[in-house]
Amino acid sequence: MDARAFAGGGFCLPALAVLVAVWACPGCSRAPVSESQTGPQAQSQVGGTVSVLVPGGVLGPYIEIKDLFAQRHPALVITHEMNSIQVLTRWVVDQERLPDVWLSLGDQEMSRAVQAGRVDGELLTCAHMQLALITKAGNPLGIEGLADLAQASIAEVALPDPQNSAGFHLERALQQAGLSEALADRTWYGPEPYHVKERVAWGHADVGVIYYPCSLETEETSEPTPTRMPESMHLVGKIPWDVVAPIPVQAAVIRGCNHLDAGRAFSQFLLSEPAQRAFARWGFLPAQTGAEARPSPR
């Protein structure tokens with residue numbers, strides 16, 4: 001069952017002693033800006049509009065951060081368009097959209113925009129994500145960690161496609177753990193992590209791997225609040241850092257955008273203490289914490 005099957009559906013908000021060396025991408029995370037620089041007393045006179053492309057998996061913290069940024073820049077109008085990360089990547093790379101800022105759910109997607117010359121200036125890593133294991137309700141097969149995926153009792157494992165960041169880094173972890181061959185005939189690939197959730201929720205797959213923030217899904221888009229996973233699934237837990245290093249959430253100002261200064265202001269605000277707290281509330285690792293957990297290039 002190696003076919004890269006596709007499933008329809010909505011968006012999630014937000015998704016073993018093997019060391020996976022995940023090299024740092026351009027634009028290392030910086031120390032958060034102090035709150036004294038971002039509070040009401042630091043209101044800016046920057047005006048105009050800033051447009052943002054937002055993947056569904058980051059919508060929760062983005063809505064909170066957008067409101068905080070609006071308090072900091074009351075003269076700015078903030079607009080956004082949400083879609084899946086693969087669609088957003090195509091829009092940016094193929095110049096189908098011209099946002100001021102793009103939030104990318106992973107480093108592999110952003111690297112394609114860099115290679116296409118679509119990024120203006122350096123990248124900014126504003127948060128990190130761990131991967132997580134989920135199973136059918138009640139965890140009937142007793143899955144406790146990545147090594148358990150080799151169990152003969154597992155009929156199907158749902159994994160994100162290696163073409164996206166979650167699947168890319170997970171594939172290398174499975175290879176290092178010697179699990180790839182054992183899973184070869186039992187793996188179903190979803191083009192995005194939320195497809196993995198659907199596959200498990202519908203009972204087709206026994207176990208799946210998603211971004212941990214995707215476990216805090218919500219259907220609310222105006223004032224989203226993190227919620228527990230549906231009863232049709234069970235969250236086993238996060239995959240440890242020393243198995244798969246935290247995956248960056250990155251922001252970039254897009255070359256040729258209409259509001260360069262506003263775009264840079266929004267990107268920098270993502271590192272502010274209030275913005276970092278919003279990321280943490282939705283299950284993301286703060287920029288600095290995630291950077292410290294990632295292995296250094298050798």
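The values are calculated or read from the model by the stated rules, or taken from the named source; none is laboratory data. On a predicted model such as this, the values are computed, not experimentally measured, just so you know. Because the Cβ atoms are built from the backbone with ideal geometry, glycine has one as well, and the counts that use them run over all protein chains shown.
Would you check if there is a residue in the range 246-264 being more than 20 Å from residue 92 (Cα to Cα) and within 20 Å of the chain's Cα centre (by Cα)?
Looking through the range 246-264, at least one residue is more than 20 Å from residue 92 (Cα to Cα) and within 20 Å of the chain's Cα centre (by Cα).
I'd like to verify a number: residues in the range 144-160 that are outside any strand (DSSP E or B) and crowded, with 21+ Cβ neighbours inside 10 Å, how many?
Number satisfying all stated conditions: 2.
With a cut-off of at least 3 residues that are assigned by TED's automatic domain parsing to the domain that holds residue 192, at positive phi and surrounded by fewer than 21 Cβ atoms within 10 Å (Cβ to Cβ), name the strands (runs of 3 or more DSSP E) lying wholly within the range 48-143.
Of the strands (runs of 3 or more DSSP E) lying wholly inside the range 48-143, none has at least 3 residues that are assigned by TED's automatic domain parsing to the domain that holds residue 192, at positive phi and surrounded by fewer than 21 Cβ atoms within 10 Å (Cβ to Cβ).
Output the number of the condition that residue 4 fails; it satisfies all remaining conditions of (1) buried (at least 22 other Cβ atoms within 10 Å of the Cβ); (2) among the charged types (D, E, K, R); (3) modelled with pLDDT under 95.
The single condition residue 4 does not satisfy is (1).
For the range 130-144, check the following and say yes or no: at least one residue is under 22 Å from residue 112 (Cα atoms) and either in contact with a Leu (Cβ under 7 Å, 6 or more places away or on another chain) or modelled with pLDDT of 95 or more (or both).
yes
A quick yes/no check of all residues on (1) closer than 21 Å to residue 84 by Cα; (2) in contact with a Ser or Thr (Cβ under 6 Å, 6 or more places away or on another chain); (3) assigned to a helix (DSSP H, G or I):
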site: 197; (1), (2), (3): yes, no, yes
site: 200; (1), (2), (3): yes, no, yes
site: 229; (1), (2), (3): yes, yes, no
site: 237; (1), (2), (3): no, no, no
site: 242; (1), (2), (3): no, no, no
site: 245; (1), (2), (3): no, no, no
site: 251; (1), (2), (3): yes, yes, no
site: 262; (1), (2), (3): no, no, yes
site: 275; (1), (2), (3): no, no, yes
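Can you pull out every residue in the range 177-195 that is part of a helix (DSSP H, G or I) and either under 23 Å from the mean Cα position of the chain (by Cα) or acidic (Asp, Glu) (or both)?
Within the range 177-195, 181, 193, 194, 195 meet the criteria.
Do we find that residue 209 is in a helix (DSSP H, G or I) and surrounded by 24 or more Cβ atoms within 10 Å (Cβ to Cβ) in this structure?
Answer is no for this residue.
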